[in-house]
Amino acid sequence: MQIKKILNRDEIKEIEKIIEKNYGCKLNLKNLFLTGDEKIWIAGENVSTEFFSSVRNCYRIGIYFGKLKRNYKIKLSMEGATIVGKKAKRNVAIVDDKEAREFAEGNCIHKFECIDCEKNNFVIVKRNDDTIGVGILREGYIENLIPKARRMR
Amino acid sequence: MLPDYEKFFISPEWKSIRVNTLKIDKEDLLQKIDFEVKQIEWYEHGLWAKGEISKTLEYYMGYYHIQEAGSMIPPLFLPLEEDKKSVVIDACAAPGSKTTQMAMMMENKGVIIANDVNIKRIRALVHNVQKAGAMNVVITNQDARRFDLNSQADYVLLDAPCTASGKIAKIESIVKKWNYARIKAMARKQKKLVEGAYKVLKKDGIMVYSTCSIEPEENEEVIDFAVKNFNLEPEKFKIKGLKTRNGIKKWNGKEYEGADKCVRVWPQDNQTEGFFICRLRKY
């Protein structure tokens, strides 16, 4: 795994600020690192990212958290959204069971309730306290960003 | 072969799932799902489940993992719940059911090096680790017979590739693939894997060797080889509520050392696949 940068405390704080701005919640993240494509990864607190990045044929460390985007935005992975979604207070779309299933299957959804959502920004789609995934709020609908491999089949 | 052997194949009505406590408590999950479940008597996070279990939102969200009940047994032979911050190597990890189970037992603490030699199978491992939210997992793509990790582990799970004859009652094709030459070839590979796993295990560390094969050549004979060639001592281990039997001591004129401390899980005893497990301590 080609690691571009293991983030120090200040750099992690920057990520936390981006999350706070977009999702209105404070997180205390640890052990984040970046790969070349601006992807952010998160590993367990006891995982030495530096050590394992030098291990032969190291394929993956921790899990994919999200990707940094322009304009101080972040596209969260499903698992990143699950971590953030527990505390998120803005850019959250609440859906019912039927819409949740539609979204999980990879479709755009039109019936949802927005909590402080910003148009053309990423939103976390939730059913009650469950995080279903991430989309982009468009005019009257949420564009689905769940990767094919992760969709409900 | 028996003329009516097809009658022995079962298509079980009850499948098994493991609650992913990295994402949800069992009680909360039980309130969300609408298929029928029963507790697996010997494992608090395991459930028998009947109905459509692979097309639910809860499965999609990674709240539970569909895992054959027998495959939940080998990780339970490691004391990971008491020693969460340990370093564990899962030598032949793909597709990752046991890896993610161990991550859950360790509550995402410590480190699990989940290794597999097959790059295609690693993709399934990556998917399952991500879906489970198992942050303490590092995935490597090495041949476990020749590990190059620059570190040693407190625990090694060697769930070795095998002929899978323990699945014989559920998967008919296993019968068609069965041949003695394949068993012998697999046993040779398994012995080399034990040697590779031994080298990356710390002194006083524990290795769990398991297969889903019922062939003595792939099981007791491998343990006999390990005990005679390395500083490994088999330890008796029991899981409350799980019906097990000792290993086979004699087979085809050979006597196996350590067989009385090995565990055999026969399909008819717990409605699982057949499994063989042995816990060995390095001295």
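No lab work stands behind these numbers, since they all come straight from the coordinates. Remember, predicted model here, so these are calculated numbers, not experimental data. Glycine also receives a Cβ, built like all others from the backbone with ideal geometry; neighbour counts cover every protein chain displayed.
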Checklist outcome for this item: Over chain B, cysteine residues that find no other Cys C-beta under 4.7 Å are B:C92, B:C162, B:C212
Item to check | Under 13 Å from A:K4, Cα to Cα: aspartates and glutamates that are on another chain or at least 8 residues apart | outcome: A:D37, A:E38, A:E50
Item to check | Calculated SAXS-style log₁₀ I(q)/I(0) at q = 0.07, 0.08, 0.11, 0.13 Å⁻¹ - the protein assembly as shown, Debye, Cα scatterers | outcome: -0.37, -0.49, -0.87, -1.15
Checklist entry - Which listed residue (B:Q31, B:V19, B:I66) has the Cα farthest towards the positive end of the charge dipole for segment B:9-66, taking +1 on Lys and Arg C-beta and -1 on Asp and Glu C-beta about the Cα centre? => result B:I66
Checklist entry - Placing +1 at every Lys and Arg Cβ and -1 at every Asp and Glu Cβ, with all other atoms neutral, what dipole size does segment A:1-77 have around its Cα centre, in debye to the nearest 20? => result 280 debye
Checklist outcome for this item: Over all pairs of different Cα atoms in chain A, the reciprocal of the mean inverse distance gives a Kirkwood radius in Å of 16.0 Å
Item to check | Formal net charge of residues neighbouring B:Q31 (Cβ-Cβ distance under 11 Å; K, R +1; D, E -1) | outcome: -3
Item to check | Mean separation of Cα contacts under 8 Å, 6 or more apart, over the residue count of chain B: relative contact order % | outcome: 16 percent
Checklist entry - Within straight cross-link reach of B:K184, meaning Cα distance under 21 Å, which lysines are found once same-chain residues fewer than 8 apart are removed? => result B:K167, B:K176, B:K192, B:K228, B:K249, B:K250, B:K254
Next on the checklist: I'd like the Kirkwood hydrodynamic radius of segment A:1-77, using the inverse of the mean 1/r over distinct C-alpha pairs, in Å.
Outcome noted: 12.8 Å
Checklist entry - Which aspartates and glutamates, on any chain, are close to B:K261 with Cα under 19 Å apart, when same-chain ones fewer than 8 places away are left out? => result B:D159, B:D204, B:E215, B:E217, B:E218, B:E220, B:E221, B:D224, B:E233, B:E235, B:D269
Item to check | Cβ charges +1 (Lys, Arg) and -1 (Asp, Glu), total dipole of the protein assembly as shown, debye | outcome: 1060 debye
Checklist entry - Suppose every K and R has +1 on its Cβ and every D and E has -1 on its Cβ; what is the size of the dipole of segment B:9-66 about the Cα centre, in Debye to the nearest 20? => result 200 debye
Checklist entry - If you take the C-alpha gyration tensor of segment B:70-282, multiply each eigenvalue by 5 and take the square root, what semi-axes do you get, largest first, in whole Å? => result 25, 19, 17
